[in-house]
Amino acid sequence: MTDRIELKGIRALGTIGVLPEEQERAQPFEVDITVESNLSISGKTDSLHDTVNYAEVTETIISIITNEKHFLLERVAERIAEETLKIDLVNAVNITIKKLRPPVPHHLEYSAVTIRREDKL
């Protein structure tokens, strides 16, 4: 059984990119994450203690984007996966991170990276 909690459109400003201006000025990023967990207990108890607190997941994502500097979206997605998998009851994550204003000379709505990672335990 795979139950999921989906969090869509988490936005934060961060310094992610290889160009000098991308490392000097914060840009907007958006993250969609699906957390896989067994939700059957919380479905019966109706208790936050028996489920993944998505406020904690959101804070983790915001903290990584705003406080860490990286060159690649791939690295940021990996960092989000690493930290989210440390949260109690999280078994796996699917993460998409979007750069909302990629520095290209043509119209491009966003560039994105999507990864899936599982807890190894």
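A few notes on this one:
- Residue, farthest from Y110 (Cα to Cα), within the stretch 30-60, restricted to residues that are assigned to a helix (DSSP H, G or I) and in contact (Cβ under 8 Å) with a residue 40 or more places away in the chain: Y54
- Checked against (1) over 23 Å from E118 (Cα atoms); (2) under 14 Å from the mean Cα position of the chain (by Cα), E83 passes all but a single condition, namely (1).
- All positions within the stretch 95-113 that are among the small types (G, A, S) and either within 12 Å of G17 (Cβ to Cβ) or over 18 Å from the mean Cα position of the chain (by Cα) (or both): S111
- Selected residue (criterion: nearest to L19 (Cα to Cα)) from residues of the stretch 35-61 that are buried (at least 16 other Cβ atoms within 10 Å of the Cβ) and among the β-branched types (V, I, T): I61
- Scope the stretch 1-34; condition surrounded by 11 or more Cβ atoms within 10 Å (Cβ to Cβ), farther than 26 Å from R101 by Cα and not β-branched (V, I, T); matching residues: D3, R4
- Qualifying residue in the stretch 61-74 (condition: under 22 Å from K120 (Cβ atoms), among the polar types (S, T, N, Q), modelled with pLDDT of 95 or more and not in a strand (DSSP E or B)): no
The values are calculated or read from the model by the stated rules, or taken from the named source; none is laboratory data. From a predicted model like this one, the values you see are computed outputs, not experimental measurements. Heads up, the Cβs are rebuilt from the backbone with ideal geometry, glycines too, and the neighbour counts pull from every protein chain shown.
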